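Okay, so here's the structure we're looking at.
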Amino acid sequence: MFADEPVVQMQGVSVDFGGVRALDSVSFRMFPGEIHSLIGENGAGKSTLIKALTGVQSISAGTIRVRGEQTAFTSPADAQRLGIQTVYQEMDLLPNLSVAENIMLGRERHGRFGINWKLMEADAERALDELGLDLDPRSALGTHSLAEQQLVAIARALAARAKILILDEPTSSLDQNEVSELFRVLHSLRESGVAVLFISHFLDQVYEVSDRLTILRDGRSVGEFLTSDILRIDVVSRMTGTRTRGLPSPLVADGGAELSAGAARPFFRAHHVGVNGAIAPFDLQVGEGEVIGIAGLLGSGRSELVRLLSGVERSDSGEIEIDEKRVRLRSPASALSQGVAYSSDNRAVEGIIGDFSIAENILLALQAERGWLRRLPKQHRDELVQSYMTALDIRPADPEALVKTLSGGNQQKVLLARWLALAPRLLVLDEPTRGIDMATKAEIQRLIAELAANGMSVIFISAEFRELVGLSDRIGVMRDGRLEVVLENDDLSEDRLLAIIAYGSQAGAGDDAESDER
Amino acid sequence: MRTLTRHRLFWPIAALVALVVINTLSRPSFLSVTVNDGELYGSLIDILRNSAPLMLVGIGMTLVIATRGIDLSVGAIIAISGAVALSYIANSGSPESLVTVATGIGLGIGVSLVLGLWNGFLVSVIGIQPIIATLVLMLAGRGIAMLITQGQITTITSGPYDFIASGYVFGLPVPFYISVVAVVAAALLVRRTAFGVLLEAVGINPAASRLAGIKSRGIIWIVYGFSGLLAGAAGIIYSSNISAADANNAGLNVEVDAILAVVIGGTSLAGGKFMLSGTVIGVLIIQTLTATVTFLGVPPAVTPLFKAIVVIVVCLLQSPKVRQLLTKRRKPTPRAERTETVKVSAAA
Amino acid sequence: MTAAPTLERPLAQRAPRRTPRWQLRLSAWLPVLTTSAILLAMFITGQAVFGNFFTSRLISSLFLDNAYLIVLAVGMTYVILTGGIDLSVGAVVAFSGIFGAQLLQTGWPAFIVIPAIVVSGSLIGALIGVLVQVFEIQPFIASLAAMFLARGLAYVVSLQSIAITDPAVTWLERTRFQLGGGWFVTPTVIIAVLTVAVSVWVLQYTRFGRSVYAIGGNEQSARLMGLQVARTRIAVYVISGTCAGIAGLIFAAYTGSGYSLTGLGMELDAIAAVVIGGTILTGGSGYVIGSLFGVMVYGLIEISITYIGVDSWWTKIVVGGLLLVFVVLQRLLVARRKR
């Protein structure tokens, strides 16, 4: 913190993906010798901002200045030339090559007969040593744990003598010791004047390591703060936009609340279901007609939790009972046959069949359940599609329109129609209202309440506390892969949720009774 | 939707018409159909008749490609099917008997079905890439066919068997009816049941299909089995045509022609939406092209050159880059777009 | 079996580093080792059954008879390492051979014709590379188009076989450098061995070679590491085409003629040899030496089948079976590595 001149200065930067504004006039700066955290929820634009800064994504408006130079990166190589090194979240390394190559490739050492492996391995070893990492540089990267691979990626950036180091979720696969080792390295990098951009969903880590933070929400910047100047609870509320967004009023809660959790008969029980090293074993019971909201930040394990409940991922431990009978949910198909339907938050990849029409998409799961030999009769199909399109007000009203041409909100409705056509007993929705317009959002919220009133159970994930509090009978809070607590939702305040997410369940312990599961 | 279909089939049909026109202009007799003994003869009839084996294989290939797969083994299966059928008939001692011929055909097609299911097993259960899984049989298949025929070109004289390729019913050649039956059967399978929809769903988006509860394993298995079955039938027609089982040359390069027919017909090799009608036209184009080359007196040797040009042009037209150049709508950089699709799952 | 387990070691603790390199890369070398074990087993069995099998003469002629296939397999290895495939090589062998034969017949001097044969292959390879990289056409289809093109061009040159009498070309095949003890090599074998040696060096000791592996591992990562993905991918097809040109030269010398119908299905033999040699078809893992062993196994199967006296079609069945075994093994290895 000795320089006043920012090493990175983005001003009014916007990025569009085919009509969708992913980054909206964002300004952002970094100083040499500081660790700067970038935080925000799913879809807030963090990845997009990094991509713009590293030349992976071209920007549609604004300016980026790096080390005083105005830049128009056209490739990652351009950014690397200016000293920007990035360690990506999905670990863009090559498991088939050696550790040394993964660190040195692109800057490999040459001797008289081509690559000098000895020198290259020695250089790589030095970079590993800086991280306190004891790996044989000659071994294949793929033989090491994910955590070690992650550290190798960081070693690569260090070996390049980065001036600006971008770490996208570097700690997600590291254990406590490895995290402190990484932080030690980051601190020493800071001393040597490197600007570090640190992206993490773990607020504890953000507070432990960073000097300054920038919060993004919905593609906009909602402020830059010195870490020491802002309380965690304020960070969370800014990330989630608790005070500014939401429905005109909590109009939907009434429908769902009639069947209170105590009265509802639990038909779905999860006992000690968990995944080693990712999701701590948890218990959860779902009553008929009950709405359970799942709160938690991105990366807290909230998606993994619901995927375990719906047969999408397999658990390492525990069991699931439906109607007091033990069931094995081996695949989505088996879960569907047990009346558990799951709708992913990733609509494009795990939801819609883009080249199919609205009608085909709506009927897909029902047809899959019937098997291909028993095709739905045409009249039945038309009636079904028509009734759902009317009920959910899907636009355009043409059942033959291709789903990929629809807006996000209408795609979500099509998916809901697909699951509702199966008449599931338990509907599991991962962020059903993200990335869709306000009107559609309100419709979907109302729909969830109506479904519950008619006896269907719903588990849904949301990043918006208002939505959670407004719709749920009970709310489960995920934090660091643990289901911290499941709370009865009577007069549950958004602040209480905020506090639990920011500080853990102890922080908020007090007036609200915890439910019996934990 | 309707305009899209028209658009997708427009060029293949135009190409077919153009080929016919070229032939007719150079020799008007191309279009003439003569009636002899109540049976129709002429170039067009020949094309319909000779296209039968490719038609069968092409239909099977269309479904396989729709699942993001490919079946390289069809040529080898053609050879095996003919070898099995003819070896049985030749060794039976009663090659004129209808029962013998029917059994032989049944055996040939049955073995082909098993081989197709074997491919399906490798792809859907073991999880081997389709190209490699079917390469195994493509390599070994001709050896197996040789083994069955003991390295000889097994020949038979069997009236009923010859009838399959050279017989006439109601004035039209039998292979034509076989093609029609195959096309109709396939169309019924994919459009009357829900098979086609589930198949396309798996081809377009496997992950979403899984979440929708589609069990893709069974579907893929059926598709490869069906492809094997049709190739087996094609092998029967082929061997009947020459009254012999030629393990070396039966169905040589047919996989390539079939893939070509599928691509020309507008089904993308990337899988997903498929068009049986397009494949039918694709097959007719290839067959007409071959006929044109002989008809015009161009040395048949040049056929591969024509095909090379056709493949390159069709693929270039399908290539996203060229499409972008042609439409020139916006100017998003292709690189950015591609990384975006790769990363979209992790985008935050 | 696998490399030194380093998974749960505490960071601070320093273990002595004495693991030999071969042990570290054992999992990568395992398929190649398997192939060489098979090769050895075939030699031993052959020797035990036939006697007079594991001889200098047999091994020398094994190289001689398969020199063209070695070169093809080497070129194919580059392509497969990037995760691609090249179906055109058989047709390119036919085309370059007959093209050269025709040129010689018309009276062109050998010192022009021989490079022309090789370059004709490179050009077809370059075409595939551009189609694949620039127009994003799948390698399978792009090389299929090139296969038609080469075959058609071969037919256009001549449908008849053209004998080659040029002394320079026949010298390549007929000259036998005796090495004593019954060992001999021909210039064609020297060319093949040189191709292998150069490729070992290129793939192991140049940035280009490592980029080939990187693209096969993960193209996106390779690009983010700043490697020249586009250039490398095109080059790989050019190399494969060039190798096919060289193989065309060797094959023409070997058969003493150019013929447009040769090389049917030769690409499949080359692919099979590469896969049997332990290169993974999805790319990123494999060695040129393995491909050499793969060709040797292929050649030995052919020889054994003549020795046993059963019919030649058994070769195809055995090669197909071996391919199956290797593909399934690879699948299991990959599945285990992913865990």
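Every number in this text was worked out from the coordinates using simple rules, so none of it is lab data. Just so you know, these numbers come straight off a predicted model, no measurement behind them. Neighbour counts run over all protein chains shown; Cβ positions are idealised from the backbone, glycine included.
So for chain A, averaging the separation of alpha carbon pairs under 8 Å that are six or more residues apart and normalising by length, what relative contact order in percent results?
14 percent
Less than 13 Å Cβ to Cβ from residue A:323, Lys/Arg counted +1 and Asp/Glu -1: what total charge do the surrounding residues give?
Its environment carries a net charge of +2.
I need the P(r) histogram for chain C: all alpha carbon pairs, bin width 20 Å from 0 out to the longest distance, whole percents.
30, 56, 13, 1
Picking from A:215, A:32, A:200, whose Cα lies most toward the positive end of the charge dipole for the stretch A:8-240 (charges on Cβ: Lys, Arg +1; Asp, Glu -1)?
The residue sitting farthest along the positive end of the dipole is A:32.
Using a 10 Å cut-off around each Cβ, can you sort C:276, C:317, A:50 from fewest to most neighbouring Cβ atoms?
C:317, A:50, C:276
When a/c is below 1.5 the answer is rounded, else prolate if a/b is larger than b/c, else oblate, so apply that to the stretch A:21-106 with a ≥ b ≥ c taken from the square roots of the Cα gyration tensor eigenvalues.
Verdict is prolate for the stretch A:21-106.
Using the alpha-carbon centroid of each, what span in Å lies between the stretch B:16-45 and the stretch A:278-344?
One Cα centre to the other: 66 Å.
Add +1 for every Lys or Arg and -1 for every Asp or Glu among the other residues with Cβ under 11 Å from the Cβ of residue A:406, and state the total.
Result for the local shell: +3.
Sort A:187, A:144 so that the residue with the fewest other Cβ atoms within 10 Å of its own Cβ comes first and the one with the most comes last.
So the residues, fewest neighbours to most, are A:187, A:144.
What share of the DSSP beta bridges in the stretch A:379-518 is antiparallel, in percent to the nearest 5?
65 percent
Averaged across the residues of A:48-61, what count of C-beta atoms belonging to other chains lies within 10 Å of each residue's C-beta?
2
Once the Cβ-Cβ distance between residue A:397 and residue A:60 is put in as r, and R0 is 56 Å, what FRET efficiency do you end up with, to the nearest 0.05?
0.95
Among A:386, A:367, A:409, flag the residue with its Cα farthest along the positive direction of the charge dipole of the stretch A:356-423, charges on Cβ as +1 for Lys/Arg and -1 for Asp/Glu.
Going by the charge dipole, the pick is A:367.
Given the options C:225, C:296, C:266, which has the most mean-square fluctuation in a GNM of chain C, springs set between C-alpha atoms less than 10 angstrom apart?
Looking only at C:225, C:296, C:266, the biggest GNM fluctuation is shown by C:225.
What does DSSP give for chain A in terms of the percent of beta bridges that are antiparallel, rounded to the nearest 5?
Bridges in chain A are about 55 percent antiparallel.
With only Lys, Arg, Asp and Glu charged, each at its Cβ (+1 for the first two, -1 for the last two), find how big the charge dipole of chain C is about the Cα centre; round to the nearest 20 debye.
1580 debye
Once a ≥ b ≥ c are taken as the square roots of the eigenvalues of the Cα gyration tensor of chain B, is the result rounded (a/c under 1.5), prolate (a/b larger than b/c) or oblate (a/b not larger than b/c)?
Oblate, because a/c is 1.5 or more while a/b does not exceed b/c.
With only alpha-carbon pairs counted, each pair once and no self-pairs, how large is the Kirkwood hydrodynamic radius of the protein assembly as shown in angstroms?
Hydrodynamic radius (Kirkwood, Cα only) of the protein assembly as shown equals 33.2 Å.
Which of the trypsin sites (Lys or Arg not before Pro) across the stretch A:285-339 are loop residues per DSSP, with 15 or fewer other Cβ within 10 Å?
Answer in residue order: A:314, A:328, A:330.
So, with +1 on the Cβ of K and R and -1 on the Cβ of D and E, and no other charges, what is the size of the charge dipole of the stretch A:8-240 about its Cα centre, to the nearest 20 debye?
860 debye
Please give the charge dipole size of the protein assembly as shown, origin at the Cα centre, charges +1 on K and R Cβ atoms and -1 on D and E Cβ atoms. Round to the nearest 20 debye.
Dipole magnitude for the protein assembly as shown comes out near 2860 debye.
When the Cα centres of the stretch C:270-339 and the stretch A:472-503 are compared, how far apart do they sit, in Å?
After rounding, the separation between the Cα centres reads 58 Å.
So for the protein assembly as shown, taking the charge dipole from beta-carbon charges (+1 Lys/Arg, -1 Asp/Glu), which of B:203, B:135, C:68 sits furthest toward the positive end?
Value: C:68.
Mind listing which GluC sites (Glu not before Pro) in the stretch A:319-349 are in a DSSP loop and have 12 or fewer other Cβ atoms within 10 Å?
Answer in residue order: A:324.
Sort A:136, A:490, A:355, A:473 so the one with the fewest other Cβ atoms within 10 Å of its own Cβ comes first.
A:490, A:355, A:136, A:473
With a cut-off of 8 Å between alpha carbons and a minimum separation of six or more residues, what is the relative contact order of the stretch A:8-240 in percent?
Reported relative contact order: 28 percent.
Over all directions, what mean area does the Cα convex hull of the stretch A:8-240 project, stated in square nanometres?
13.0 nm²
Roughly how many whole Å is it from the C-alpha centroid of the stretch B:203-272 to that of the stretch A:366-382?
26 Å
If you take every DSSP beta bridge whose two residues both sit in the protein assembly as shown, what share of them, in percent to the nearest 5, is antiparallel?
Of those bridges, close to 65 percent are antiparallel.
Taking only the alpha carbons of chain A, what extent do you get along each of the three principal axes, in Å, biggest first?
Ordered largest first, chain A gives principal extents of 75, 54, 45 Å.
Please report the relative contact order for the stretch B:2-296, taking Cα pairs under 8 Å with a sequence separation of at least 6, and give it as a percent rounded to a whole number.
Once divided by the residue count of the stretch B:2-296, the mean separation gives 36 percent.
Please give me the summed charge of the neighbours of residue C:252: other residues whose Cβ is under 11 Å from its Cβ, Lys and Arg +1, Asp and Glu -1.
-2
Can you classify the stretch C:250-331 as rounded, prolate or oblate using the Cα gyration tensor, where a ≥ b ≥ c are the square roots of its eigenvalues, rounded means a/c under 1.5, and otherwise it's prolate if a/b beats b/c and oblate if not?
oblate
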